[in-house]
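To keep things clear, I will list the structure first and then write my remarks on it.
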Amino acid sequence: IDDFMNLFFKYDSYKTLRATKPFGSAVNPLTGESDETDYIPVTYYSDDSTKKYTIEKITDQILKGGRTILIGDYGTGKSRCIHTIFKRLNSTESNCRKLVLAINLRDHWGASSAAEIIAGHLEELGLSGTIDNAMQIITSGGAILLLDGVDEVGAQTFGNSRENRKSVRKIALEGIRKLISLNSKNCVLLTSRSHYFDSDQEMISSLGLATGKAPEIIRCPEEFNSQETALYLKQIKLDVPAPDWLPRKPLVFQVLSTIEKAKIIQIFESSDGEVAFWK
């Protein structure tokens, strides 16, 4: 089946090339390349905090045709979630027979159509000869869309009027809206920072998700809990507890992973470690 699919769209090439590129802000802060540290499993929550979600549950939801929006502040792991789900969907265990496109929306600022976004994404990977076939696959429902950074495609200056800001945001998201509507099977995961939209209703409307099955809105935890903190430190081979002053945001731990281990231990154990860390 895979060989047959590759006759129409060279998906093996896409997977290999996409894996070499960064996924949103999940990058090594020193090299700018994709962050390849192991994913730390965290618990995500429904909009009203009544439901819990794991990365496995979100993946299953997407495979079943669900529409999901992941909300979180900068540095809380949205891009790592996208990266991990991309790898899970492309693993042999998932048995996913769809084209999985993981797109950094900030690279497509100003795109007003689905074709512009897909063409720009594939051209960046050197796969411009596959654009038409990719569009056919998306239109026929044979694709899963992982769209990272809804908040990164809008204009940065909105003016004073709330209605003007809403209008500008909706215009900026036109290409995304068209891409979602084109994907007939509704297999889509989007990410956005919190507080970008005035309300969930505006967000759903601006993304073209107001009709059909209601999207599942999930929120990232603001910080690692104590167990996740210990797991991350163990992963980067640090056998010291995190001091109380250290913010538990995933982004902070990503920065820690780039610092020499002896230096981190010195900072953690020093009385003025907090000042030294921020410096």
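The values are calculated or read from the model by the stated rules, or taken from the named source; none is laboratory data. Just so it is clear, the model here is predicted, and its values are computed rather than measured. Cβ atoms come from the backbone with ideal geometry, glycine included; neighbour counts cover every protein chain shown. The protein model used for the area step is the full one, side chains on, heavy atoms only, and it has no ligands, DNA or RNA in it. Shrake-Rupley method; radii C 1.70, N 1.55, O 1.52, S 1.80 Å.
Among V188, V255, G273, which residue has its Cα furthest toward the positive end of the charge dipole of region 146-279, with +1 on Lys/Arg Cβ and -1 on Asp/Glu Cβ?
Most positive-ward Cα: V188.
Looking only at region 1-156, where both bridge partners belong to it, what percent of the DSSP beta bridges are antiparallel (to the nearest 5)?
Rounded to the nearest five, the antiparallel share is 40 percent.
In terms of the ratio Rg/(2.2 N^0.38 Å) built on C-alpha atoms, what value belongs to the chain? Intermediate values should be presented prior to the final figure.
Numbers: Rg = 19.8 Å, N = 279, 2.2 N^0.38 = 18.7 Å.
Output field value: 1.06.
Hey, can you find the accessible area per residue of the chain for me, probe 1.4 Å, expressed in square angstrom?
Numbers: 14130 Å² over 279 residues.
Per-residue value: 51 Å².
Using a 1.4 Å probe over the heavy atoms of the protein chains, calculate the carbon and sulfur portion of the accessible area of the chain as a whole percent.
Numbers: 7170 of 14130 Å².
Ligands and nucleic acids excluded, carbon and sulfur give 51 percent.
How high is the relative contact order of region 150-279, given as a whole-number percent (alpha carbon pairs under 8 Å, six or more residues apart)?
Values: 76 pairs, mean separation 21.8, N = 130.
That works out to 17 percent.
Roughly what angle does helix 226-235 make with the longest principal axis of the chain, taking Cα atoms, 0 to 90 degrees, to the nearest 10?
With both axes taken from Cα atoms, the answer is about 90 degrees.
Roughly what angle does helix 114-124 make with the longest principal axis of the chain, taking Cα atoms, 0 to 90 degrees, to the nearest 10?
Long axis of 114-124 versus the principal axis of the chain: about 60 degrees.
Over the Cα atoms, compute the radius of gyration (one decimal) and Dmax (the largest Cα-Cα distance, rounded to a whole number) for region 1-156, in Å.
Rg then Dmax for region 1-156, in Å: 15.6, 46.
Please identify the longest segment of the chain free of exposed chymotrypsin sites (Phe, Trp or Tyr not before Pro), where exposed means a DSSP state other than H, G, I, E or B and no more than 16 other Cβ atoms within 10 Å. Present the calculation step by step, with values, prior to reporting the outcome.
Numbers: sites that count: Y74, W109, F158, Y196, W245.
Here the longest run is 1-73.
With the cut-off at 19 Å, tell me which of the pairs K57/K87; K64/K98; K52/K166; K10/K98 have Cα atoms farther apart than that. List each step's numbers first, then the result.
Details: K57/K87 15 Å; K64/K98 12 Å; K52/K166 30 Å; K10/K98 12 Å.
Among K57/K87; K64/K98; K52/K166; K10/K98, the Cα-Cα distance tops 19 Å for K52/K166.
Taking a 21 Å limit on the Cα-Cα distance, which of the listed pairs K78/K185; K15/K234; K51/K78; K21/K170 fall beyond it? Intermediate values should be presented prior to the final figure.
On the way: K78/K185 23 Å; K15/K234 30 Å; K51/K78 18 Å; K21/K170 28 Å.
Cα-Cα > 21 Å for K78/K185; K15/K234; K21/K170; rest within.
Which percentage, to the nearest 5, of the DSSP beta bridges contained in the chain is antiparallel?
On the way: 6 of 24 bridges.
Bridges in the chain are about 25 percent antiparallel.
Using helices alone, I'd like the mean residue ellipticity at 222 nm for the chain: each DSSP H run of four-plus residues gives -39500 (n - 2.57), total over residue count, nearest 500.
Numbers: 13 runs with 116 residues, N = 279.
So the helix-based figure for the chain works out to -11500 deg cm²/dmol.
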